[in-house]
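Working notes for the structure below.
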């Protein structure tokens, strides 16, 4: 009986190992796919269509929040300074040719299918839309989040910009 049981166990193991070593089949790729053309295969998320969302600042937010506080870090000088910038105005960054324009402040940032707005006038998820211009470089326009500064930050070799928060009346 022991020999029969041992034979069944060994037979099962051999079958399992043989099944695991079965050669994996490569998926069929369409003609023109980068990996069939000698290029690098695509990785990550597929290209998503860019949706142009309208920024809607509710009246109660416009009435309450007039400016933002931005931290500007000079990476080479290893210094940081806080600036208050009114919504709709520009800040010339000292010791650079860079300008930062504050387009909109949303104290409770929410993104919908067609618009970006503030769910309330409370600072639950503060975000500011800014654009950065510098001679000879493409303009950068995006959102900075005070509670999530690592999400889509402004990338520059010398200057870092972060949102501290909004300034109300």
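The values are calculated or read from the model by the stated rules, or taken from the named source; none is laboratory data. None of these values were measured; they are calculated from a predicted model. For neighbour counting, all protein chains shown are included, and Cβ atoms are generated from backbone atoms with ideal geometry for every residue, glycine included.
When you check residue 131 against the structure, is it modelled with pLDDT of 95 or more, touching a helix residue (DSSP H, G or I) at 6+ places or on another chain (Cβ under 7 Å) and closer than 17 Å to residue 57 by Cβ, yes or no? Judged against the criteria, residue 131 is not a match. Checking 93, 132, 102 one by one, the residue that is surrounded by 12 or more Cβ atoms within 10 Å (Cβ to Cβ), more than 18 Å from the chain's Cα centre (by Cα) and without any contact (Cβ under 8 Å) to a residue 60 or more places away in the chain is 102 and no other. Between 136, 112, the distinction of being more than 25 Å from residue 52 (Cβ to Cβ) and out of contact with any strand residue (DSSP E or B) (no Cβ under 9 Å at 6 or more places or on another chain) belongs to 136 only. Annotation: of all residues in segment 71-86 being in contact (Cβ under 8 Å) with a residue 24 or more places away in the chain and over 24 Å from the mean Cα position of the chain (by Cα), the one that is farthest from residue 145 (Cα to Cα) is 76. Restricting the search to strands (runs of 3 or more DSSP E) fully inside segment 95-169 and requiring at least 3 residues that are closer than 17 Å to residue 72 by Cα gives 99-106, 127-133, 140-145, 159-168.
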